[in-house]
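Contents: one structure, followed by commentary.
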Amino acid sequence: MKDFSNASLNRRRFLQFLAGSPLFATTGLPAILKRGGEGAAWAADVAINTDIATAAQALNVFDLEQVAVKKLPVAHAAYLATGVESDATLRANREGFAKFQIRARRLVDTTRLDTHVELFGTTWPTPIVLDPVSSLRAFHPEGDVAVAKAAKTRNHLQIFPTLATSTLDEVVSARAAPVWFQLYPTSDWNITQALVKRAEAAGCPVVAVTVDNPTSAGRETLARGRRLDARNCVECHLNAPGAYFSRKPMFDGLEVTKLASPLADNLSWDFVRRLKASTSMKVVLKGIVTTEDAVLSLQYQVDGVIVSNHGGRGEESGRSTIEALPEVVDAIGGRIPVLVDSGFRRGSDIFKALALGADAVCIGRPYVWGLAAFGQAGVERALEIVKVELEITMRSMGAASVRSISRGFVQRV
């Protein structure tokens, strides 16, 4: 994953592959440029200069995506872009926002905006949270540390991934504040417990358990991208037992030779009970999308939920999280925090989620595009863009504070 040579060739191959993929069929444009109707409405060969030389020149997060695709090896770009099978859920996450319109209010004084939110007793100046994304050094040499520094500069809550390629201590030091810990539970309770204890020792106040990704199978976009990548990737993708975990610092010193995957397809609600009993951290379930599971979350006394379908990477349900959000919010009834992720690209997307009852919104791909494009500066620019867009939406729709954004601001089309 360290060899970034032949980037132009890799990019051309990736775009050629995308031109023949199901993502391409509905738009006539390479999906990496215009996925689900988002981004620029032109193809790469249109005579419009879209190149930007600095992060500050990005007008929206899709500008950062353009630069990222040009710089990344094709397999890495495919890893970031992939959904499951025909990528229907990935597209649905974007298309779902068009099913909700914002009802603008007038004659509201928005001179001073209040965007702060409170989560588990900590106040944050913005409801925008950095989702956990694995293997960030595949997109930039500074990886998770660059993201942590950007989160510190912009003062955002950050969730650290189990499969990070930097150590948790490095990230906490760079962030200069506690981070939440995302847990892939694995099929081995001893390893799971060790991961949880390491997060506790690092001062993480919350563990967010991923329950929406029991398998990474079916990621066809990734598989096709790998076939197009001419690099020798053996250095980073060894076949030896446990080799996958040798580059993931959270597993240092653990017996992983018999561990085939960090994912677990044997999770049950009994695991939630067991985890609650074994940790002092708040337990949040990441991947709740139905009334039934929201009710069970309350019964099993979890401390919060994240409405998520893993950015369309963990299932092919064809259902967006923005459409799932209202039923989860209604079932929770304000008793625990409800966050949401998957497909958020614009400040107006975030506004709609807040109006539907989310306490905060997590973003993933947009800040990774920034990371791949310009490192820390790109992450900061991605965060700045979505926050400014949220503030513009609040002002134009007549909402002076996050607390004032209620369901009356949206209607279902």
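Exactly one of these conditions fails for Lys258: (1) at pLDDT below 95; (2) surrounded by 15 or more Cβ atoms within 10 Å (Cβ to Cβ); (3) among the basic types (Lys, Arg). Give me its number.
Unmet condition: (2).
Of a type in the set (Ser, Thr, Tyr), under 30 Å from Arg247 (Cα atoms) and in contact (Cβ under 8 Å) with a residue 24 or more places away in the chain: does that describe Thr82? Reasoning before the result, please.
Numbers: of a type in the set (Ser, Thr, Tyr): yes; under 30 Å from Arg247 (Cα atoms): yes; in contact (Cβ under 8 Å) with a residue 24 or more places away in the chain: yes.
Yes.
Considering Asp293, Asp252, Asp303, which residue is of a type outside the set (A, V, I, L, M, F, W, C), closer than 22 Å to Phe181 by Cβ and surrounded by fewer than 15 Cβ atoms within 10 Å (Cβ to Cβ)?
Asp252
Can you tell me which residues in segment 205-238 are among the β-branched types (Val, Ile, Thr) and surrounded by fewer than 19 Cβ atoms within 10 Å (Cβ to Cβ)?
Thr215, Val234
Test Val147 against the stated conditions and say whether it is under 20 Å from the mean Cα position of the chain (by Cα) and either of a type in the set (Phe, Trp, Tyr) or assigned by TED's automatic domain parsing to the domain that holds Thr210 (or both).
On the way: under 20 Å from the mean Cα position of the chain (by Cα): yes; either of a type in the set (Phe, Trp, Tyr) or assigned by TED's automatic domain parsing to the domain that holds Thr210 (or both): yes.
Yes, satisfied.
Listed here are the residues, each with its yes/no results for (1) among the aromatic types (Phe, Trp, Tyr); (2) in the same structural domain as Ile392 (by TED's automatic domain parsing); (3) closer than 24 Å to Ser406 by Cα.
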| site | (1), (2), (3) |
| --- | --- |
| Gln66 | no, no, no |
| Arg91 | no, no, no |
| Gly121 | no, yes, yes |
| Pro125 | no, yes, yes |
| Ile128 | no, yes, yes |
| Pro132 | no, yes, no |
| Phe139 | yes, yes, no |
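Could you grab the pairs with beta carbons closer than 9 Å, sequence gap of 6+ or different chains, first residue in segment 256-280 and within 18 Å of Val211 (Cα to Cα) and assigned by TED's automatic domain parsing to the domain that holds Gln193, second one of a type in the set (Asp, Glu) and part of a loop (DSSP other than H, G, I, E, B)?
Sorted first by the residue in segment 256-280, then by its partner, the pairs are Ala264/Asp188; Lys276/Asp303.
Could you give me the residue pairs with C-beta distances under 7 Å whose first residue belongs to segment 204-222 and is at negative phi, whose second residue is surrounded by fewer than 22 Cβ atoms within 10 Å (Cβ to Cβ) and of a type in the set (Asp, Glu) wherever it lies, and which are 6+ apart or on separate chains?
Asp212/Glu315; Pro214/Asp265; Thr215/Asp265; Glu220/Glu85
Cβ-Cβ distance below 7 Å, separation of 6 or more or different chains: which pairs start in segment 165-180 with a residue that is in the same structural domain as Cys362 (by TED's automatic domain parsing) and end on one that is among the acidic types (Asp, Glu) and surrounded by 15 or more Cβ atoms within 10 Å (Cβ to Cβ)?
Matching pairs, first to second residue: Thr165/Asp144; Ser166/Asp144; Val171/Asp144.
Out of the residues in segment 361-402 meeting the condition of being of a type in the set (Gly, Ala, Ser) and surrounded by 24 or more Cβ atoms within 10 Å (Cβ to Cβ), tell me which one is farthest from Glu142 (Cα to Cα).
Ala399
Every residue, every condition in (1) part of a loop (DSSP other than H, G, I, E, B); (2) under 16 Å from Leu130 (Cβ atoms); (3) aromatic (Phe, Trp, Tyr); (4) out of contact with any Leu (no Cβ under 6 Å at 6 or more places or on another chain), yes or no:
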| site | (1), (2), (3), (4) |
| --- | --- |
| Leu163 | yes, yes, no, yes |
| Ser173 | no, no, no, yes |
| Asn190 | no, no, no, yes |
| Gln193 | no, no, no, yes |
| Ala208 | no, yes, no, yes |
| Asn239 | yes, no, no, yes |
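Return the total of residues in segment 343-360 being surrounded by 24 or more Cβ atoms within 10 Å (Cβ to Cβ) and on the phi > 0 side of the Ramachandran plot.
Summing the residues that are surrounded by 24 or more Cβ atoms within 10 Å (Cβ to Cβ) and on the phi > 0 side of the Ramachandran plot in segment 343-360 gives 1.
The values are calculated or read from the model by the stated rules, or taken from the named source; none is laboratory data. Since we're looking at a predicted model, the values are computed, not measured. Because the Cβ atoms are built from the backbone with ideal geometry, glycine has one as well, and the counts that use them run over all protein chains shown.
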